[in-house]
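Just below is one structure, and these are the notes that go with it.
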Amino acid sequence: MEILLIVGGVLVGAGIGFAIAKYLEKNHASSILQNANNEAKTLIRDAKTEGESIKKEKILQAKEKFIELKAEHEQVILSRDKKMAEAEKRTRDKESQISNELSKAKKAADEGEKIIKEYETKLEQLESKREEIDRLYQSQVEQLETISGLTAEEAKNQIIESLKTEAKANAMAYIQDTIEEAKLTAQQEAKKIIINTIQRVGTEEAVENCVSVFNIESDDVKGRIIGREGRNIRAIEAATGVEIIVDDTPEAIILSCFDPVRREVARLSLHRLVTDGRIHPARIEEVVAKTAKQIDEEIIEIGKRTVIELGIHGLHPELIKIVGRMKYRSSYGQNLLQHSREVAKLCGLMAAELGLNVKLAKRAGLLHDIGKVPETESELPHAILGMQWAEKFGEKEEVCNAIGAHHDEIEMTTLIAPIIQVCDAISGARPGARRQVLDSYIQRLKDLEGIANDFQGVKNSYAIQAGRELRVIVESEKVSDEMAASLSFDISQKIQTEMTYPGQVKITVIRETRSINIAK
């Protein structure tokens, strides 16, 4: 019973508690809802206030933008109106100027018409006076013809003939005086110019041989250069084309070859091989190839240095290379590059003395012997070959003619050409410049003259130009003009068949008739 009461009390209490909880929960929910409504109303009010503010701000910005655009538009309109006003003003000024010019032109036209009328009037007066003068002149001529008994044409011819005779006599006297004065002074002036030119050029002695000496530290190196059974020395000779002479000469090996380039390649190759210490056929071929390439580069560098030193510009790269190759060529024992530089300097000085183009003279002087260094053998004379190269690589006509004419193979057409010829002779003829075996040289000249003297009708023969030309004087009674041409050909063929000589020999047959009388 008590348990039931307790349970019942608990249940009643629980129900009362539940009811109280529900009541409290309902009151709390009502409070939350009321707060939410209040907050919502506040947010709506704030939003409305903010929206009104933004709206007013946007309207204000729109008004400001409108005012700004309106001001810009008004500015554009004002600028356009100003430009139109300026254009109208320029147009009015131009119209006014044109009107003034038209009025001036009309006035000038009126004045010109007046002048033309005056000119025509004066022209008519002059024409009438000229006709009157012609009548008077004709009347005087008729009177003079009647008095002298000669016509006007005959008198004119007599006067002309007398004037011709007098002018011819005066001209001959003047020419004779000029020639005599030139003969007295020309040789002296020429010597003076040549001497002054030579004195201003320092020359070097030529030392060119067909052999080079390669110095070594000890004779043990000779055995290494020769190699087992001579294979190394044979490989060097085959690769360079140079004869290597290993004899008892202490600490020296002789390199013999007529081509200085090949000698230099062999010398430098031996130096590299001996320095490196590895000497065998494969290494020899490799070193020789590298040395040959180095020599080619050195040739170009030498050419560049030479043209820079002489102040020559714009030279074709191929001509620069040819100039560099001249270092390894010689002419009668004289180094060709040294000779060409010397000729260039002499030409420049002589051209300056004569008031000619110095740079052009130096250019021709440097290039005058380029035909002596062809990469392949040519049958043409070196002067003609050099001229062809100069034309091919764009040199001026004056330079080409000077190159081709410096041994008289072609006719000289410029003033520079004889300067090149003279300076070439000066450089080659100075003591010590060139070396030849005197006996063989004299014998070759005697043989040339002897071959010409063997032909019938030859009176005398002279070998000149260091044996490069043979002058043959024939008897005019025995040799006709047609026979002279045939004789020149026959002599050239016999020389070509029987003699050995450098370059070419020019045969000139001279036939002349002389009539001599003595006035007592």
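From the list Ile54, Ile44, Ile98, pick out the single residue that is β-branched (Val, Ile, Thr), open to solvent by 90 Å² or more (accessible area, probe 1.4 Å) and assigned to a helix (DSSP H, G or I).
The unique qualifying residue is Ile44.
Taking only the range 474-490 into account, find how many residues are part of a helix (DSSP H, G or I) and not aromatic (Phe, Trp, Tyr). Even if it seems obvious, please write down each step before you answer.
Let us first name the residues in the range 474-490 that are part of a helix (DSSP H, G or I), namely 481-490.
With not aromatic (Phe, Trp, Tyr) added as a condition, the list becomes 481-488, 490.
Final tally of qualifying residues: 9.
Pick from the range 248-260 the residues that are modelled with pLDDT of 75 or more and either out of contact with any Asp or Glu (no Cβ under 8 Å at 6 or more places or on another chain) or β-branched (Val, Ile, Thr) (or both): which of them is most open to solvent (accessible area, probe 1.4 Å)?
Looking at the filtered set, the residue picked out is Ile254.
Given the criteria open to solvent by 50 Å² or more (accessible area, probe 1.4 Å) and not charged (D, E, K, R), does Gly404 qualify? Steps first, please.
On the way: open to solvent by 50 Å² or more (accessible area, probe 1.4 Å): no; not charged (D, E, K, R): yes.
It is false that Gly404 is open to solvent by 50 Å² or more (accessible area, probe 1.4 Å) and not charged (D, E, K, R).
Per-residue answers, yes or no, for (1) at pLDDT below 85; (2) small (Gly, Ala, Ser); (3) over 29 Å from Asn335 (Cα atoms); (4) out of contact with any strand residue (DSSP E or B) (no Cβ under 7 Å at 6 or more places or on another chain):
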position	(1), (2), (3), (4)
Gly241	yes, yes, no, yes
Arg263	yes, no, no, no
Arg272	no, no, no, yes
Ile279	yes, no, yes, yes
Arg283	no, no, yes, yes
Val288	no, no, no, yes
Ala292	no, yes, no, yes
Ile295	no, no, no, yes
Arg305	no, no, no, yes
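Restricting attention to the range 193-239, and to residues there that are of a type in the set (Gly, Ala, Ser) and open to solvent by less than 40 Å² (accessible area, probe 1.4 Å), which single residue is modelled with the lowest pLDDT? Quick ask: steps written out before the conclusion?
So the first thing to find is which residues in the range 193-239 are of a type in the set (Gly, Ala, Ser), and the list is 202, 206, 212, 218, 223, 227, 230, 235, 238-239.
Narrowing the set further to residues that are open to solvent by less than 40 Å² (accessible area, probe 1.4 Å) leaves 206, 212, 227, 230, 235.
On the way: Ala206: 44, Ser212: 73, Gly227: 81, Gly230: 81, Ala235: 82.
Step by step, filter the range 193-239, then rank; the result is Ala206.
So, of the residues in the range 346-375 that are crowded, with 22+ Cβ neighbours inside 10 Å and charged (D, E, K, R), which turns out to be farthest from Arg305 (Cα to Cα)?
Asp369
The values are calculated or read from the model by the stated rules, or taken from the named source; none is laboratory data. The shown structure was predicted, so the numbers you read here are calculated from the model rather than taken from an experiment. Using ideal geometry, Cβ is built from the backbone for each residue, glycine included, and neighbour counts are taken over all protein chains shown. The area values use the complete protein model at the heavy-atom level, side chains included, leaving out ligands, DNA and RNA. Shrake-Rupley method; radii C 1.70, N 1.55, O 1.52, S 1.80 Å.
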